[in-house]
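Presented below is the structure to which this report refers.
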Amino acid sequence: MNPKRIGFLGFEGVAASELTRAADVLAAATLDGGYGNRISCYHVCTIGFTSECFHAESGIAFWPDSTLETVSELDTIVIAGGDGLRRSSVSEMIADWVLARVSETRRFAAIGSGIYGVAPTGLLDGREVTTHWRYANEVARCFPNLRVDPRRHLVKDGAFYTSSGASAAIDLSLALIEEDYGGHVASVVAQEFVTAPMNGNGHHKLPNPLVFDSQPADRFAELIPWIMRNLHEDLSVNTLARRACMSPSHFNRAFKSVFGSALAEFVENLRVNEAKRRLAVPKRTLEIIAASVGFPDAQKFRRAFERRLGAKPRSYLKNFNANSIATSANGAVASPRTGRANGAQEALAIPTRD
(Lines give C-alpha, C1' and ligand atoms only; values in the text may rest on other atoms or scores of the structure.)
Protein backbone atom coordinates (compact mmCIF):
# COMPACT_ATOMS: atom_id res chain seq x y z
CA MET A 1 0.00 0.00 0.00
CA ASN A 2 1.24 3.47 -0.88
CA PRO A 3 0.26 6.08 1.73
CA LYS A 4 -1.69 8.99 0.27
CA ARG A 5 0.48 12.10 0.10
CA ILE A 6 -1.03 15.07 1.94
CA GLY A 7 0.64 18.46 1.54
CA PHE A 8 0.21 21.17 4.18
CA LEU A 9 0.99 24.62 2.86
CA GLY A 10 2.89 26.88 5.24
CA PHE A 11 3.77 30.57 5.09
CA GLU A 12 4.86 33.41 7.32
CA GLY A 13 2.01 34.08 9.74
CA VAL A 14 0.30 30.68 9.49
CA ALA A 15 -1.92 29.59 12.39
CA ALA A 16 0.20 26.82 13.93
CA SER A 17 -2.73 25.10 15.65
CA GLU A 18 -4.66 24.77 12.39
CA LEU A 19 -1.69 23.22 10.64
CA THR A 20 -0.49 20.87 13.37
CA ARG A 21 -3.89 19.66 14.59
CA ALA A 22 -4.97 18.51 11.17
CA ALA A 23 -1.55 17.03 10.36
CA ASP A 24 -1.32 15.09 13.63
CA VAL A 25 -4.71 13.46 13.08
CA LEU A 26 -3.85 12.34 9.55
CA ALA A 27 -0.45 11.05 10.65
CA ALA A 28 -2.13 8.90 13.32
CA ALA A 29 -4.25 7.00 10.80
CA THR A 30 -2.89 3.47 10.29
CA LEU A 31 -4.08 0.06 9.20
CA ASP A 32 -3.28 -3.20 10.94
CA GLY A 33 -0.65 -4.87 8.76
CA GLY A 34 -0.59 -8.10 10.77
CA TYR A 35 2.32 -9.47 12.83
CA GLY A 36 2.23 -6.33 14.96
CA ASN A 37 2.95 -4.05 12.01
CA ARG A 38 1.11 -0.82 11.30
CA ILE A 39 0.68 0.58 7.80
CA SER A 40 0.54 4.37 7.57
CA CYS A 41 -2.46 5.69 5.67
CA TYR A 42 -0.88 9.04 4.86
CA HIS A 43 2.48 10.62 4.14
CA VAL A 44 2.25 14.16 5.51
CA CYS A 45 4.61 16.80 4.19
CA THR A 46 4.94 20.54 4.73
CA ILE A 47 5.37 22.93 1.80
CA GLY A 48 6.94 26.36 2.06
CA PHE A 49 7.27 29.24 -0.34
CA THR A 50 11.03 28.71 -0.06
CA SER A 51 13.27 26.11 1.58
CA GLU A 52 13.85 28.44 4.55
CA CYS A 53 11.89 28.03 7.76
CA PHE A 54 8.64 29.94 8.14
CA HIS A 55 7.16 31.28 11.36
CA ALA A 56 3.64 30.92 12.68
CA GLU A 57 1.65 33.76 14.22
CA SER A 58 2.82 32.53 17.62
CA GLY A 59 6.50 32.57 16.61
CA ILE A 60 6.88 28.79 16.27
CA ALA A 61 9.19 27.95 13.38
CA PHE A 62 8.61 25.18 10.83
CA TRP A 63 11.08 23.69 8.38
CA PRO A 64 9.31 22.78 5.13
CA ASP A 65 9.98 19.44 3.45
CA SER A 66 9.73 21.01 -0.01
CA THR A 67 8.72 24.20 -1.77
CA LEU A 68 5.93 25.26 -4.10
CA GLU A 69 8.25 24.57 -7.02
CA THR A 70 9.85 21.30 -5.90
CA VAL A 71 7.02 19.36 -4.25
CA SER A 72 6.00 16.22 -6.11
CA GLU A 73 2.48 15.09 -6.88
CA LEU A 74 0.00 15.23 -3.99
CA ASP A 75 -3.29 13.49 -3.33
CA THR A 76 -4.64 16.31 -1.16
CA ILE A 77 -3.56 19.88 -0.45
CA VAL A 78 -4.48 21.49 2.87
CA ILE A 79 -4.23 25.25 3.36
CA ALA A 80 -4.29 26.37 6.97
CA GLY A 81 -5.38 29.86 7.94
CA GLY A 82 -3.47 32.63 9.63
CA ASP A 83 -2.94 36.39 9.48
CA GLY A 84 -0.28 35.92 6.82
CA LEU A 85 -2.98 35.03 4.31
CA ARG A 86 -4.53 38.46 4.67
CA ARG A 87 -1.60 39.84 2.66
CA SER A 88 -2.58 39.87 -1.01
CA SER A 89 0.92 38.87 -2.12
CA VAL A 90 0.63 35.66 -0.11
CA SER A 91 -2.94 34.75 -1.05
CA GLU A 92 -2.32 35.46 -4.74
CA MET A 93 0.79 33.30 -4.82
CA ILE A 94 -1.10 30.44 -3.18
CA ALA A 95 -4.04 30.85 -5.55
CA ASP A 96 -1.73 30.72 -8.59
CA TRP A 97 -0.09 27.57 -7.23
CA VAL A 98 -3.46 25.91 -6.53
CA LEU A 99 -4.58 26.60 -10.09
CA ALA A 100 -1.39 25.06 -11.42
CA ARG A 101 -1.98 21.89 -9.35
CA VAL A 102 -5.72 21.50 -9.74
CA SER A 103 -5.63 19.02 -12.62
CA GLU A 104 -3.35 16.61 -10.77
CA THR A 105 -4.70 16.91 -7.22
CA ARG A 106 -7.71 14.93 -6.03
CA ARG A 107 -8.95 17.41 -3.44
CA PHE A 108 -8.25 20.65 -1.61
CA ALA A 109 -9.06 21.64 1.96
CA ALA A 110 -9.05 25.10 3.56
CA ILE A 111 -9.08 25.59 7.32
CA GLY A 112 -10.60 28.84 8.62
CA SER A 113 -9.07 31.81 6.82
CA GLY A 114 -7.25 29.36 4.56
CA ILE A 115 -10.16 30.02 2.23
CA TYR A 116 -8.37 33.24 1.20
CA GLY A 117 -5.85 31.05 -0.60
CA VAL A 118 -8.48 29.21 -2.66
CA ALA A 119 -11.27 31.71 -3.26
CA PRO A 120 -9.25 33.95 -5.66
CA THR A 121 -8.89 30.99 -8.05
CA GLY A 122 -12.60 31.04 -8.91
CA LEU A 123 -12.75 27.30 -8.20
CA LEU A 124 -15.16 27.91 -5.32
CA ASP A 125 -17.57 30.09 -7.29
CA GLY A 126 -21.14 28.88 -6.87
CA ARG A 127 -20.09 26.39 -4.17
CA GLU A 128 -21.16 26.14 -0.55
CA VAL A 129 -18.31 27.03 1.81
CA THR A 130 -17.71 27.87 5.44
CA THR A 131 -15.02 29.78 7.31
CA HIS A 132 -14.41 31.27 10.73
CA TRP A 133 -17.29 33.54 11.71
CA ARG A 134 -14.84 36.43 12.14
CA TYR A 135 -14.03 36.42 8.42
CA ALA A 136 -17.41 35.37 7.02
CA ASN A 137 -18.73 38.84 6.12
CA GLU A 138 -15.47 39.91 4.51
CA VAL A 139 -15.19 36.67 2.51
CA ALA A 140 -18.77 37.08 1.28
CA ARG A 141 -18.07 40.71 0.29
CA CYS A 142 -14.77 40.00 -1.47
CA PHE A 143 -16.02 36.85 -3.20
CA PRO A 144 -19.74 37.36 -3.86
CA ASN A 145 -20.03 34.19 -5.96
CA LEU A 146 -19.36 32.02 -2.91
CA ARG A 147 -22.26 30.68 -0.83
CA VAL A 148 -20.81 31.36 2.61
CA ASP A 149 -22.44 29.83 5.68
CA PRO A 150 -20.31 30.35 8.85
CA ARG A 151 -22.85 28.39 10.92
CA ARG A 152 -21.59 25.15 9.41
CA HIS A 153 -18.59 23.41 10.95
CA LEU A 154 -17.50 21.53 7.84
CA VAL A 155 -18.57 21.75 4.22
CA LYS A 156 -17.71 19.54 1.28
CA ASP A 157 -18.64 20.66 -2.21
CA GLY A 158 -17.10 18.54 -4.94
CA ALA A 159 -13.35 18.25 -4.47
CA PHE A 160 -13.25 21.26 -2.11
CA TYR A 161 -13.47 21.12 1.67
CA THR A 162 -13.76 24.08 4.00
CA SER A 163 -13.90 24.22 7.79
CA SER A 164 -14.56 26.93 10.33
CA GLY A 165 -11.16 27.13 11.99
CA ALA A 166 -8.79 25.45 14.44
CA SER A 167 -11.64 23.83 16.36
CA ALA A 168 -12.76 22.12 13.15
CA ALA A 169 -9.30 21.05 11.96
CA ILE A 170 -9.50 17.71 13.78
CA ASP A 171 -12.98 16.99 12.46
CA LEU A 172 -11.87 17.86 8.94
CA SER A 173 -9.05 15.32 9.10
CA LEU A 174 -11.33 12.67 10.57
CA ALA A 175 -13.78 13.25 7.72
CA LEU A 176 -10.99 12.83 5.16
CA ILE A 177 -9.87 9.61 6.86
CA GLU A 178 -13.40 8.23 6.81
CA GLU A 179 -13.79 9.10 3.17
CA ASP A 180 -10.54 7.33 2.30
CA TYR A 181 -10.45 4.36 4.66
CA GLY A 182 -13.88 3.99 6.23
CA GLY A 183 -15.58 4.68 9.54
CA HIS A 184 -13.68 2.07 11.53
CA VAL A 185 -10.28 3.66 10.91
CA ALA A 186 -11.66 7.15 11.55
CA SER A 187 -13.24 6.04 14.84
CA VAL A 188 -9.97 4.53 16.09
CA VAL A 189 -8.13 7.80 15.36
CA ALA A 190 -10.95 9.83 16.92
CA GLN A 191 -10.39 8.08 20.24
CA GLU A 192 -6.96 9.74 20.43
CA PHE A 193 -8.04 13.26 19.53
CA VAL A 194 -11.73 13.80 20.29
CA THR A 195 -12.80 14.65 23.83
CA ALA A 196 -15.69 12.40 24.70
CA PRO A 197 -18.79 14.09 26.15
CA MET A 198 -20.51 12.80 29.28
CA ASN A 199 -23.77 10.92 29.02
CA GLY A 200 -26.63 11.05 31.53
CA ASN A 201 -24.96 8.43 33.74
CA GLY A 202 -21.74 10.38 34.09
CA HIS A 203 -19.80 8.14 31.71
CA HIS A 204 -17.84 9.21 28.67
CA LYS A 205 -19.15 8.29 25.27
CA LEU A 206 -17.14 8.74 22.08
CA PRO A 207 -18.86 10.99 19.56
CA ASN A 208 -19.15 9.80 15.99
CA PRO A 209 -16.66 11.48 13.66
CA LEU A 210 -18.13 14.06 11.34
CA VAL A 211 -18.41 12.40 7.96
CA PHE A 212 -19.12 13.40 4.39
CA ASP A 213 -19.76 10.22 2.43
CA SER A 214 -19.33 6.54 3.18
CA GLN A 215 -16.92 4.76 0.86
CA PRO A 216 -16.24 1.09 0.00
CA ALA A 217 -13.06 1.48 2.08
CA ASP A 218 -15.16 0.46 5.09
CA ARG A 219 -15.13 -3.09 3.74
CA PHE A 220 -11.34 -3.11 3.60
CA ALA A 221 -10.89 -2.31 7.31
CA GLU A 222 -10.55 -5.98 8.28
CA LEU A 223 -9.35 -7.25 4.92
CA ILE A 224 -5.71 -6.14 5.15
CA PRO A 225 -5.04 -7.88 8.51
CA TRP A 226 -6.67 -11.02 7.06
CA ILE A 227 -4.40 -10.86 4.01
CA MET A 228 -1.32 -10.50 6.23
CA ARG A 229 -2.33 -13.57 8.23
CA ASN A 230 -3.00 -15.57 5.08
CA LEU A 231 -0.22 -14.65 2.67
CA HIS A 232 0.16 -18.32 1.74
CA GLU A 233 -3.47 -18.53 0.57
CA ASP A 234 -5.11 -17.70 -2.76
CA LEU A 235 -5.31 -13.89 -2.73
CA SER A 236 -6.81 -13.37 -6.16
CA VAL A 237 -9.33 -10.65 -6.96
CA ASN A 238 -12.15 -13.19 -7.06
CA THR A 239 -11.28 -14.60 -3.63
CA LEU A 240 -10.92 -11.25 -1.90
CA ALA A 241 -13.94 -9.74 -3.64
CA ARG A 242 -16.05 -12.55 -2.16
CA ARG A 243 -14.69 -11.80 1.32
CA ALA A 244 -15.53 -8.11 0.86
CA CYS A 245 -19.00 -8.97 -0.53
CA MET A 246 -18.29 -7.03 -3.72
CA SER A 247 -18.21 -7.90 -7.38
CA PRO A 248 -14.67 -8.43 -8.76
CA SER A 249 -14.87 -5.40 -11.06
CA HIS A 250 -16.17 -3.12 -8.28
CA PHE A 251 -13.59 -4.53 -5.86
CA ASN A 252 -10.78 -3.82 -8.34
CA ARG A 253 -11.80 -0.19 -8.83
CA ALA A 254 -12.44 0.47 -5.14
CA PHE A 255 -9.21 -1.20 -4.03
CA LYS A 256 -7.07 0.86 -6.40
CA SER A 257 -8.89 4.04 -5.39
CA VAL A 258 -8.23 3.42 -1.68
CA PHE A 259 -4.72 1.94 -1.75
CA GLY A 260 -3.28 3.55 -4.87
CA SER A 261 -2.16 0.31 -6.53
CA ALA A 262 -3.64 -2.78 -8.14
CA LEU A 263 -4.33 -5.75 -5.88
CA ALA A 264 -1.63 -7.97 -7.42
CA GLU A 265 1.05 -5.33 -6.89
CA PHE A 266 -0.15 -4.66 -3.34
CA VAL A 267 -0.14 -8.35 -2.39
CA GLU A 268 3.27 -8.98 -3.93
CA ASN A 269 4.70 -6.08 -1.93
CA LEU A 270 3.28 -7.50 1.30
CA ARG A 271 4.62 -10.97 0.47
CA VAL A 272 8.12 -9.68 -0.29
CA ASN A 273 8.24 -7.56 2.87
CA GLU A 274 7.16 -10.50 5.02
CA ALA A 275 9.64 -12.79 3.25
CA LYS A 276 12.39 -10.25 3.99
CA ARG A 277 11.52 -10.53 7.68
CA ARG A 278 11.54 -14.32 7.57
CA LEU A 279 14.94 -14.45 5.87
CA ALA A 280 16.48 -13.51 9.21
CA VAL A 281 15.18 -16.73 10.81
CA PRO A 282 17.98 -19.37 10.80
CA LYS A 283 17.71 -22.68 8.92
CA ARG A 284 14.96 -21.60 6.54
CA THR A 285 15.51 -22.32 2.87
CA LEU A 286 14.34 -20.00 0.12
CA GLU A 287 11.87 -22.68 -0.98
CA ILE A 288 10.28 -22.82 2.48
CA ILE A 289 10.11 -19.04 2.78
CA ALA A 290 8.68 -18.63 -0.71
CA ALA A 291 5.91 -21.16 -0.02
CA SER A 292 5.15 -19.69 3.40
CA VAL A 293 4.27 -16.30 1.92
CA GLY A 294 2.38 -17.56 -1.12
CA PHE A 295 4.88 -17.70 -3.99
CA PRO A 296 4.34 -20.80 -6.16
CA ASP A 297 8.08 -21.50 -6.42
CA ALA A 298 11.47 -20.13 -5.38
CA GLN A 299 12.26 -18.74 -8.83
CA LYS A 300 9.20 -16.46 -8.87
CA PHE A 301 10.05 -15.42 -5.33
CA ARG A 302 13.60 -14.47 -6.36
CA ARG A 303 12.38 -12.39 -9.28
CA ALA A 304 9.79 -10.55 -7.17
CA PHE A 305 12.31 -9.96 -4.37
CA GLU A 306 14.90 -8.52 -6.74
CA ARG A 307 12.31 -6.38 -8.52
CA ARG A 308 11.05 -4.88 -5.25
CA LEU A 309 14.27 -4.56 -3.26
CA GLY A 310 16.97 -4.45 -5.92
CA ALA A 311 18.89 -7.42 -4.49
CA LYS A 312 18.72 -11.19 -4.59
CA PRO A 313 17.44 -12.86 -1.42
CA ARG A 314 20.73 -14.54 -0.52
CA SER A 315 22.68 -11.31 -1.13
CA TYR A 316 20.24 -9.44 1.07
CA LEU A 317 20.60 -12.07 3.79
CA LYS A 318 24.39 -11.94 3.55
CA ASN A 319 24.37 -8.15 3.96
CA PHE A 320 21.86 -8.42 6.79
CA ASN A 321 24.09 -10.88 8.69
CA ALA A 322 27.20 -8.78 8.02
CA ASN A 323 25.48 -5.67 9.40
CA SER A 324 24.27 -7.61 12.44
CA ILE A 325 27.82 -8.83 13.17
CA ALA A 326 29.23 -5.31 12.77
CA THR A 327 26.60 -3.92 15.09
CA SER A 328 27.29 -6.58 17.68
CA ALA A 329 31.05 -5.94 17.47
CA ASN A 330 30.59 -2.23 18.01
CA GLY A 331 28.32 -2.93 20.94
CA ALA A 332 25.80 -0.24 20.02
CA VAL A 333 23.20 0.58 17.46
CA ALA A 334 23.26 4.01 15.90
CA SER A 335 20.09 6.00 16.53
CA PRO A 336 18.21 6.97 13.39
CA ARG A 337 18.16 10.64 12.50
CA THR A 338 14.58 11.79 12.58
CA GLY A 339 14.79 15.57 12.20
CA ARG A 340 16.82 18.46 11.02
CA ALA A 341 17.40 20.19 14.31
CA ASN A 342 19.14 17.22 16.07
CA GLY A 343 17.41 17.96 19.33
CA ALA A 344 18.12 21.68 19.32
CA GLN A 345 15.44 24.17 20.22
CA GLU A 346 15.83 26.10 16.96
CA ALA A 347 12.51 25.11 15.47
CA LEU A 348 9.57 22.82 15.79
CA ALA A 349 9.17 20.73 12.65
CA ILE A 350 6.50 18.28 11.61
CA PRO A 351 8.61 15.07 11.29
CA THR A 352 7.91 14.16 7.70
CA ARG A 353 9.99 13.71 4.61
CA ASP A 354 9.04 14.54 1.05
**Report entry** segment 1-27-segment 220-262 distance, computed between alpha-carbon centres (Å)
**Finding:** 30 Å
Query raised in the report: How far apart, in nm, are two points set 7 Å out from the Cα along the Cα-to-Cβ line at residue 145 and at residue 302?
Result: 6.2 nm
Query raised in the report: For residue 109, which sequence-distant residues (separation of 5 or more, or a different chain) have an amide H within less than 5 Å of its own amide H, given hydrogens modelled in the peptide plane?
Result: 77, 78, 79, 161
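For segment 244-316, give the percent of accessible area contributed by carbon and sulfur heavy atoms, probe 1.4 Å, rounded to a whole number.
On the way: 2030 of 3900 Å².
C and S atoms contribute 52 percent here.
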Query raised in the report: In segment 246-296, which GluC sites (Glu not before Pro) fall in coil by DSSP and have 12 or fewer other Cβ atoms within 10 Å?
Result: none
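Considering only protein heavy atoms and a 1.4 Å probe, what is the carbon-and-sulfur percentage of the accessible area of segment 30-88? Write out the running numbers ahead of the final one.
Numbers: 1150 of 2460 Å².
It is 47 percent, rounded to a whole number.
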**Report entry** Rounded to whole Hz, the Karplus (6.51, -1.76, 1.60) HN-Hα couplings of segment 96-108, x for glycine and proline
**Finding:** 4, 5, 4, 4, 5, 9, 5, 6, 10, 10, 6, 7, 10
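Given R₀ = 30 Å, what would the calculated FRET efficiency be for residue 93 paired with residue 157, taking r from the Cβ atoms and rounding to 0.05? Can you show the working numbers first?
Values: r = 24 Å, r/R0 = 0.80.
Once rounded, the FRET efficiency stands at 0.80.
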Report task. Give the residue from 48, 9, 29 lying farthest towards the positive end of the charge dipole for segment 1-63; charges sit on Cβ (+1 for Lys and Arg, -1 for Asp and Glu) and the dipole is referred to the Cα centre. Result -> 29
Requested in this report: Could you list which residues have their amide H under 5 Å from that of residue 44, counting only those 5 or more apart in sequence or on another chain, with H placed in the peptide plane?
Outcome: 6
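Just the accessible area per residue of segment 109-193, please: how many Å² with a 1.4 Å probe?
Ligands and nucleic acids excluded, the result is 38 Å² per residue.
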Query raised in the report: Going toward the positive end of the dipole of segment 88-169, with +1 on Lys and Arg Cβ and -1 on Asp and Glu Cβ, which of 118, 102, 162 do you reach last?
Result: 162
Query raised in the report: With θ set to phi - 60° and the Karplus curve 6.51 cos²θ - 1.76 cosθ + 1.60, what are the ³J(HN,Hα) couplings of segment 134-140 in order, to the nearest whole Hz, using x for Gly and Pro?
Result: 5, 9, 4, 5, 5, 4, 5
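If you place +1 on the Cβ of every Lys and Arg, -1 on the Cβ of every Asp and Glu, and leave all else neutral, what size is the dipole of segment 1-112 about its Cα centre, to the nearest 20 Debye? All intermediate terms of the calculation are to be shown ahead of the outcome.
Working: 9 positive and 14 negative charges, 69 e Å.
Using Cβ point charges on Lys, Arg, Asp and Glu, segment 1-112 gives about 340 debye.
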Query raised in the report: Where in segment 147-183 are there trypsin sites (Lys or Arg not before Pro) that are in a DSSP coil and have at most 13 other Cβ atoms within 10 angstrom of their Cβ?
Result: 151
Requested in this report: Would you please give the FRET efficiency between residue 193 and residue 284, computed as 1/(1 + (r/R0)^6) with r the Cβ-Cβ distance and R0 = 41 Å, to the nearest 0.05?
Outcome: 0.45
Report task. Tabulate in residue order the Karplus-calculated ³J(HN,Hα) for segment 252-258, using 6.51 cos²θ - 1.76 cosθ + 1.60 with θ = phi - 60°, rounded to whole Hz; enter x for Gly and Pro. Result -> 4, 5, 5, 4, 5, 5, 7
Report summary line: Expressed in angstrom and rounded, the centroid-to-centroid distance over alpha carbons for segment 297-313 and segment 64-134 is 43 Å
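The values are calculated or read from the model by the stated rules, or taken from the named source; none is laboratory data. What you see is a predicted model, and the numbers here were worked out from it, not measured in a lab. Here Cβ is always computed from backbone atoms with ideal geometry, including for glycine, and neighbour counts include all displayed protein chains. Just so you know, the surface numbers come from the protein's heavy atoms only, side chains and all, with ligands and any DNA or RNA stripped out. Shrake-Rupley method; radii C 1.70, N 1.55, O 1.52, S 1.80 Å.
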